[in-house]
Amino acid sequence: MRWMENLSDTQYAYLLLIPVFVLLGVVALYPLLRTFELSLYAVSTDLTSTSFVGIDNYVGLFTGEKNRYLPGGTTFLPSSFEFTSLLNSALVITIIFAVVSVLFETLIGLGQALILDQDFYGRRWVRAAIIIPWAVPIVIQGMIFFLMFNSNVGFATPPLADLGLLAPTNTLNDTASATFIIIVADIWKTSAFMALLILAGLQSIDRGLYDVAKVAGATKWQQFKLITFPLILPTIGVAVLFRSVQAMRVYGIIDTVSSCAVVPSLSCMVVATFNTREGTSAAIAFVTAAIIGLVVMGIIVWQGEDAI
Amino acid sequence: MAGVKLEHVTKRYDDQGEIVTAVDDMNLDIDHGEFICFVGPSGCGKSTTMETIAGLTIPSEGEVYIGDREVTNLPPKDRGIAMVFQNIALFPHMDVYDNISFGLRLRDYPQDEIDRRVERASEIVQLEGMLDRMPDEMSGGQRQRVAIARAIVREPDVFLMDEPLANLDAKLKVHMRTELQRLHKELDTTIIYVTHDQEEAMTLSDRIAVLNSGSLQQIDPPLTCYNEPDNLFVAGFIGSPSMNFVSGTVSENTIETPNFSLAFDPATVEGLGVGDEVTIGIRPEDIYPGELRSEIRDPSSLISARVDILEPMGDEIFAYMLLDESETSMDQEQTTNNQLLMSIEPDSDIREEEDIEVAIDRRNVHIFDSATGEALVHKLEPVDTGAGAAGSEAESDD
Amino acid sequence: MATTTQEPEDSDGPLARWTQGAIQNPERVYRALFYAAMVFFLVTTLFPFYWLAVLAVTPEGNLLAGSFLPTVNLFGVSGTFPLPVPKGFNPAAFVTVFEQVPFHLYMLNSFALAVTTTVIVLFVASLAGYVFGRLRFPGRALLMLGILAISYFPPAAFVIPLFQAFAGNEAITIPFTSIPLFTPPRLLNTPGSMVLPFSALFMPLSIFILTTFYGQIPDGLEDAARVEGTTRLGALFRVIMPLSAPGVATASVLTFIAVYNEYFFSSIMATSPEAAKWSPIVGGILSYQTQYTTQFNLMAAASIVGVLPVVILVIVAQERIVSGLTSGALKE
């Protein structure tokens, strides 16, 4: 082991990073490259051989030619701008899910964070209660909402159907209703995560600033508007981007509550096609990765060196 | 029997593309049993030099020897050294016993041997009965003693101490200083001690190694460094308060400074001629009020000055004097030539703003080459012309 | 506010007094708002668990009969009670869940996968956390950025090649060539096919958490350990890691929960939801949904049993979770 002691910092650093390189290389980098490679090939009509087709799979995806391989009436891009065809588009529904759920998670998370930022008796228990949904396995989260809206035992469908929010029958097989339920389920589970990220921002604010504001005669609302909010805005920004990236991966909750044919998220489409239409599946996977890559670039550019 | 020897040790860092030389061609020969202090301002390379001895840093060039072994590339654990750190560096998750015995346990010493050694070490540093405490339950001084015990217990050939007293308060520092001296006597091992505090170095060490910008300035016993500094840096660094420096020009039989002249025979110093730029160094305790001039063995002529500020220290008073009253600028260059610091008896009746005359003991005046900073002479020869010369000086003394 | 329905005796009624006080002292309004919001959040987060409990204790025969929202008749006014209540009481479902399918084995699989992943992640992330937290070297920022970027990619982008490789049918080739490297063993339905992707997926978060914690250990302690007799690597595992126990605990808890919660690879890599084939709780819960389609009480009971470990973990280790998510995840 003597040789290890005399390595320079740089040599030692790279030596210790070998396990990370190997693991990430095998499980992340190789599959990523390979996915891209696969996306350039197509299976022959008799499903026995593959041939190089260049970017045909991508072209096919965006022209709608590949839509026939997708389950249900799903399209990749929306076929028109009507509500139902928007919801049938894998790309649009994934973005709708990400935007709506992250928006509400941010608002609710902010509310929860503001409460957890206070000192009160039993704070520890309230915090634990708020965190618990975040720790619930996705399959159980899915089961909870499946049971809540199931046509046999679900008690929650009739009242919400009365309000016109859900289809009264066959709720979980109705794209709009199922999407609504899945978004609610995600908000339930993930708001706490946002709350904790925002709480970190809140707690880094110098308490002395509030004393200054109080002396200056600011009301609570003014204190929030003029001090708290501007100071946590960068934190919220990063948290929103981070959560959006995660939300774009949505799969498990859809699979449990409803089905991939009803709520066709991008990840769903990858899973639904990868056994039969490898090239198409890989192309969808790579487009998903590329969209997320763009968001990540946004984070990195925004955060710069601080991101690390 | 282990001394420490550094041969041409150089350490360069690559700091974001910029090469920084932390230690520059360091040569040192430290005998067994010596107490050596590395002193110097922060960033002078003293800690890096110590790290190359410890093995925490591998030098870019040169060799390190401990005893007869070349250890340049040996890991720290195989060098037979123990180290006490500035931030004390006790493992906060272990109690005192575990901290002290850490190194022994790593080396698989038998339990009874470990117990025996820990007991003895804790006796030496007076920590008996505290072995089950956690570091955060102890005072700074106690923690420092644990760190020292952790070093002692290994019975190393060489002790390395990196500013071990820096984080202690002043009173404790003085106390620990005497403890360290006692320890050195008791253990008879080589101790290398890094400090930025020249007073600590003066009181503790057999020899002081003065470092500046990565290179060794002087290594000598404390009094030699004090009385015969090799260069301007050592002269300024050793001694508190610092030596006064006045720049001047050599003339026929004096050194002319902007505000006074000092009788001086250039012929007494080899290689020095009329017109050379020199720096005169005078310690504050070698300047006397004019009325004591008769008691100085080899006094200079009287120099008139105005007392600017008095700092009573109890056993002495520091008198900051301005030589040129018209000059009020605080510009650094001017101040050096214009200001003199004198250390006087506490019962002196000098007042601030008072105009006085002072005399310098020529026997303790140091002359440095202004260009190189090298010391030229530490003791001015008495000037033969005697009263005559003194008179001529007095003329220029307006 | 129940008091408002009472006839106010005079202008100084309770409501009027409260309003008066609120105007004079806005703190009281904020206080009231604060508690209202807190109760709202508590109810919305905990209600779904209550619903599971209601279903689980309702006897199977009563499940489909009538509504869980009973009609109540209060003082002559009849209406729907706004909370679901059990239709009868029979906790036997909590026993039946383990009989009908070996749910405990699924949970055991989940535990085994989570623990294995956590150990691997901690070891590898410790080395990386040490490197990023304590060493300065060229390429550091770029490498951290790379790891960050990989952690953002969706699992879907990795799953196709991994599934093919774990099927073990054909040799792995270097991408964009047909040069074969080796034929992997068949890993589908074994822990390997899940532990590997889990480790890669959840490692970046642990790396960032441990980087933060390891970076905070004073240099002196590492130097002291090395002078005292550890190797460089020894100093990491004997001093830096134990000293960063809170950070290590945080990374462990988060990794464990992440694996326990994982759905994507858990459902795809265990191709048949059988406990003997290493299917974790995803398989266990789903087998109720697909095989015993009407035994909703069992689905609910299984969900409660499955969620208990993480609920306990959250209550016990909430400080660690909070610090981990706030220190590590924000960086990520």
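Summary table below
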{"quantity": "Within the range A:122-241, helices (runs of 4 or more DSSP H) holding 2 or more residues that are open to solvent by 10 Å² or more (accessible area, probe 1.4 Å), within 11 Å of chain C (Cβ to nearest Cβ) and among the hydrophobic types (A, V, I, L, M, F, W, C)", "calculated": "A:123-135, A:138-149, A:175-203"}
{"quantity": "Residue match in the range A:200-209 (condition: polar (S, T, N, Q), within 24 Å of C:LEU325 (Cα to Cα) and at pLDDT below 90)", "calculated": "yes"}
{"quantity": "Residue that is of a type in the set (A, V, I, L, M, F, W, C) and at pLDDT below 85, where the choices are C:LEU105, C:LEU83", "calculated": "C:LEU83"}
{"quantity": "Check on A:VAL99, more than 9 Å from chain C (Cβ to nearest Cβ), open to solvent by 40 Å² or more (accessible area, probe 1.4 Å) and hydrophobic (A, V, I, L, M, F, W, C)", "calculated": "yes"}
{"quantity": "Hits in the range C:38-50 (condition: open to solvent by less than 50 Å² (accessible area, probe 1.4 Å) and either without any contact (Cβ under 8 Å) to a residue 60 or more places away in the chain or not in a helix (DSSP H, G or I) (or both))", "calculated": "C:MET38, C:PHE41, C:LEU42, C:THR45, C:PHE47, C:PRO48"}
{"quantity": "Filter result (at pLDDT below 85 and more than 18 Å from A:ASN275 (Cα to Cα)) within the range A:57-75", "calculated": "A:GLY64, A:GLU65, A:GLY73, A:THR75"}
{"quantity": "Filtered residue count, the range A:252-302, keeping only those that are open to solvent by less than 20 Å² (accessible area, probe 1.4 Å) and aromatic (Phe, Trp, Tyr)", "calculated": "1"}
{"quantity": "First in the range A:29-43 and assigned by TED's automatic domain parsing to the domain that holds A:VAL287, second anywhere and open to solvent by less than 40 Å² (accessible area, probe 1.4 Å) and among the charged types (D, E, K, R), Cβ under 6 Å, 6 or more apart", "calculated": "none"}
{"quantity": "Test set (1) open to solvent by 60 Å² or more (accessible area, probe 1.4 Å); (2) in contact with an Asp or Glu (Cβ under 9 Å, 6 or more places away or on another chain); (3) not charged (D, E, K, R) - B:TYR13 fails condition number", "calculated": "(2)"}
{"quantity": "Condition check for A:SER244: more than 10 Å from every other protein chain (Cβ to nearest Cβ), open to solvent by 20 Å² or more (accessible area, probe 1.4 Å) and more than 16 Å from the chain's Cα centre (by Cα)", "calculated": "no"}
{"quantity": "Test: residue in the range B:265-277 that is open to solvent by less than 50 Å² (accessible area, probe 1.4 Å) and within 16 Å of B:ALA305 (Cβ to Cβ)", "calculated": "no"}
{"quantity": "Those residues of the range B:351-375 which are out of contact with any Ser or Thr (no Cβ under 6 Å at 6 or more places or on another chain), outside any loop (DSSP other than H, G, I, E, B) and farther than 17 Å from B:GLU291 by Cα, in sequence order", "calculated": "B:ARG363, B:ASN364, B:HIS366, B:ILE367, B:ASP369, B:GLU374, B:ALA375"}
{"quantity": "Lone qualifier among A:VAL271, A:VAL287, A:VAL295 - being at the interface with chain C (Cβ under 7 Å from one of its Cβ atoms) and not in a loop (DSSP other than H, G, I, E, B)", "calculated": "A:VAL271"}
{"quantity": "Candidates C:LEU148, C:LEU122, C:LEU143, C:LEU127, filtered to the one that is within 12 Å of chain A (Cβ to nearest Cβ), closer than 19 Å to C:PRO204 by Cβ and without any contact (Cβ under 8 Å) to a residue 60 or more places away in the chain", "calculated": "C:LEU143"}
{"quantity": "Given (1) within 11 Å of chain A (Cβ to nearest Cβ); (2) aliphatic (A, V, I, L, M); (3) surrounded by fewer than 18 Cβ atoms within 10 Å (Cβ to Cβ); (4) assigned to a helix (DSSP H, G or I), index of the condition C:LEU181 fails", "calculated": "(4)"}
{"quantity": "Some residue of the range B:77-95 being of a type outside the set (A, V, I, L, M, F, W, C) and modelled with pLDDT of 90 or more", "calculated": "yes"}
{"quantity": "Where A:GLU105 falls short, out of the listed (1) within 14 Å of another protein chain (Cβ to nearest Cβ); (2) open to solvent by less than 10 Å² (accessible area, probe 1.4 Å); (3) in contact with a Leu (Cβ under 8 Å, 6 or more places away or on another chain); (4) closer than 29 Å to A:ILE187 by Cα", "calculated": "(3)"}
{"quantity": "The range B:236-257, subset assigned to a strand (DSSP E or B) and of a type in the set (A, V, I, L, M, F, W, C), residue most open to solvent (accessible area, probe 1.4 Å)", "calculated": "B:PHE245"}
{"quantity": "Some residue of the range C:60-68 being modelled with pLDDT of 80 or more and away from every other protein chain (no Cβ under 14 Å)", "calculated": "no"}
{"quantity": "Qualifying residue in the range B:217-235 (condition: without any contact (Cβ under 8 Å) to a residue 12 or more places away in the chain, under 27 Å from B:SER370 (Cβ atoms) and surrounded by fewer than 19 Cβ atoms within 10 Å (Cβ to Cβ))", "calculated": "yes"}
{"quantity": "Residue list for the range C:123-147, filter: part of a helix (DSSP H, G or I), open to solvent by less than 40 Å² (accessible area, probe 1.4 Å) and among the aromatic types (Phe, Trp, Tyr)", "calculated": "C:TYR130, C:PHE132"}
{"quantity": "The one condition in (1) more than 8 Å from every other protein chain (Cβ to nearest Cβ); (2) open to solvent by less than 20 Å² (accessible area, probe 1.4 Å) that C:PRO161 fails to fulfil", "calculated": "(1)"}
{"quantity": "Every residue from the range C:187-231 that is over 17 Å from C:LEU148 (Cβ atoms) and β-branched (Val, Ile, Thr)", "calculated": "C:THR190, C:VAL195, C:ILE217, C:VAL227, C:THR230, C:THR231"}
{"quantity": "Matching entry among C:GLY192, C:GLY220 (being at the interface with another protein chain (Cβ under 7 Å from one of its Cβ atoms) and surrounded by fewer than 20 Cβ atoms within 10 Å (Cβ to Cβ))", "calculated": "C:GLY220"}
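Quick grid of which residues meet (1) within 9 Å of chain C (Cβ to nearest Cβ); (2) open to solvent by 40 Å² or more (accessible area, probe 1.4 Å); (3) modelled with pLDDT under 80:
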site: A:MET4; (1), (2), (3): yes, no, yes
site: A:LEU24; (1), (2), (3): yes, no, no
site: A:ALA28; (1), (2), (3): yes, no, no
site: A:GLU37; (1), (2), (3): yes, no, no
site: A:PHE83; (1), (2), (3): no, yes, no
site: A:SER89; (1), (2), (3): no, no, no
site: A:GLY109; (1), (2), (3): no, no, no
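The values are calculated or read from the model by the stated rules, or taken from the named source; none is laboratory data. Predicted model only: the values in this text are computed from it and were never measured. Virtual Cβ from ideal backbone geometry, glycine too; neighbours counted across all protein chains shown. Accessible surface is based on the protein model in full, side chains and every heavy atom, while ligands, DNA and RNA are left aside. Shrake-Rupley method; radii C 1.70, N 1.55, O 1.52, S 1.80 Å.
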